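A quick write-up on the structure given underneath.
The values are calculated or read from the model by the stated rules, or taken from the named source; none is laboratory data. In this text, all values refer to a predicted model and were calculated from it rather than measured experimentally. Cβ placement follows ideal geometry from the backbone for every residue including glycine, while neighbour counts extend to all protein chains displayed. Remember, those area values only see protein heavy atoms, side chains included, never the ligands or the DNA or RNA. Shrake-Rupley method; radii C 1.70, N 1.55, O 1.52, S 1.80 Å.
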Amino acid sequence: MSYTEIPTRAPAAGSADDTIQPFEVSALDLRGRVVRLGPAIDDILARHDDPLPVAKLLGEATVLTALLGSALKFTGKFILQTQTDGPVHMLVVDFTTPGRLRACARYDRARVDAAIAAGADSPGALMGKGHLAMTIDQGPDTSRYQGLVAVEGGGLEDAAHEYFRRSEQIPTRVRLAVAEEFHMGGDGMRHRWRAGGILAQFLPKSPERMRQPDLDPGDAPEGTAPHVVPEDDAWVEGRSLISTVEDIELIDPALSSEQLLYRLFHERGVRVFRSAAVRAQCSCSREGVASMLRSFSRDDRDHMVENGVISVTCEFCSAHYVFAPDEVED
Ligand SMILES: [Zn+2]
């Protein structure tokens, strides 16, 4: 029998900031990605003046978007958007290939302050109930694909698990973490945001091994016993290992993605693929905003004039654009 030996080496200790690291654990039929965000997430969150728990929630949404969007195999955009009834009623994050991220949150400041005062400011509580939409956009002449999942008061990890279980039927586990890092500078204490996440999916060659415990029996007659199907041992082991990942392991700048993967899977053997870079970059431009304004009716534009100018602030990056009314006449 001939075989090709896969060379092994020590996991790289180098910083993993702003990278996405794909991996595979063949022995467990597990594939996934680790994302680590340093300057990129600090840039995104520092552009907004959001209250801390809102910034943390938006950071989690950004990590989830990076994990999901980096699976795109073509040029395009992945958009994650929540619409919920909690104090934070909307989150929008996009990932544009090959690695551009931007994010914004819409929320009711008074309700957010009340939630913070009441200690009810977990990501799930801030979102409340509604739905999470994931859209893939490959350009103007293609159809958009949209997946939807209910948000039921849990956080984004729960919503992602539910999406993959119901819509894709792929056993999936996701962990997301966001934290502030404090350090002393010449001008006192400063803080930076850091974030990270891991996604793992069970993708065996034979699909019958992907069985998962049945969904709620729905409209089956009352008293019907749920059909209990044992989960595959490899997936039980894989998802148990993912659930041991601590927040600190996902954000620690001294622990590389490779070291984290080795720590988790060294007994089974883990392979890593070429990592990809991500960065914070908005797609807005002065010309883009001008053409949007030109598409409005004259009456609408007239209503936007204040002190003789029309000013527009980008919700994603807070860039400020100012126009004289005659610059944007159609
Ligand atoms: Zn912008």
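Assorted remarks:
- Excluding exposed DSSP-loop GluC sites (Glu not before Pro) (at most 14 other C-beta within 10 Å), longest clean stretch of the chain: 6-221
- Carbon and sulfur %, accessible surface of the chain computed with the full protein complex present, 1.4 Å: 50
- Cross-link reach list, lysines versus LYS56, counting only Cα pairs under 19 Å and skipping chain neighbours closer than eight places: LYS129
- Rh (Kirkwood; distinct C-alpha pairs) - the range 76-208, Å: 17.0
- Where labels lie 7 Å past Cα in the beta-carbon direction, separation of ALA290 and ILE116 in nm: 3.9
- Mean ellipticity per residue at 222 nm, deg cm²/dmol - from DSSP H runs of n ≥ 4 across the chain, formula -39500 (n - 2.57): -7500 deg cm²/dmol
- Kirkwood hydrodynamic radius of the chain, Cα pairs, Å: 22.0
- Under the span-like rule (Cα at least 24 Å along the axis, Kyte-Doolittle mean at least 0.5), DSSP H helices of the chain: 52-69
- Charges were assigned to the Cβ only: +1 to each Lys and Arg, -1 to each Asp and Glu. The resulting dipole of the range 1-129 about its Cα centre is roughly 300 debye.
- The Kirkwood hydrodynamic radius of the range 29-132, based on inverse pair distances between different Cα atoms, is 14.3 Å.
- Candidates SER257, ALA118, ALA133 compared by Cα position along the dipole of the chain: farthest toward the positive end lies SER257, with charges placed on Cβ.
- Based on C-alpha pairs under 8 angstrom that are at least 6 apart in sequence, the chain has a relative contact order of 23 percent.
- Only Lys, Arg, Asp and Glu carry charge here, each on its Cβ (+1 for the first two, -1 for the last two); on that basis the range 278-330 has a dipole of about 340 debye about its Cα centre.
- Accessible surface for MET134 stands near 10 Å², nearest 10, in the context of the full protein assembly shown (1.4 Å probe).
- A simple charge model with +1 on the Cβ of Lys and Arg, -1 on the Cβ of Asp and Glu and nothing else charged puts the dipole of the chain at about 960 debye relative to its Cα centre.
- Only protein heavy atoms count here; on that basis, with a 1.4 Å probe, ILE20 has an accessible area of about 10 Å².
- Placing dummy labels 7 Å off each Cα toward the beta-carbon, the span from ALA324 to LYS73 is 5.3 nm.
- Orphan Cys of the chain, criterion: no other Cys C-beta under 4.7 Å: CYS104
- Listed residues GLY185, GLY269, GLY32, most fluctuating in the chain (Gaussian network, C-alpha, under 10 Å): GLY185
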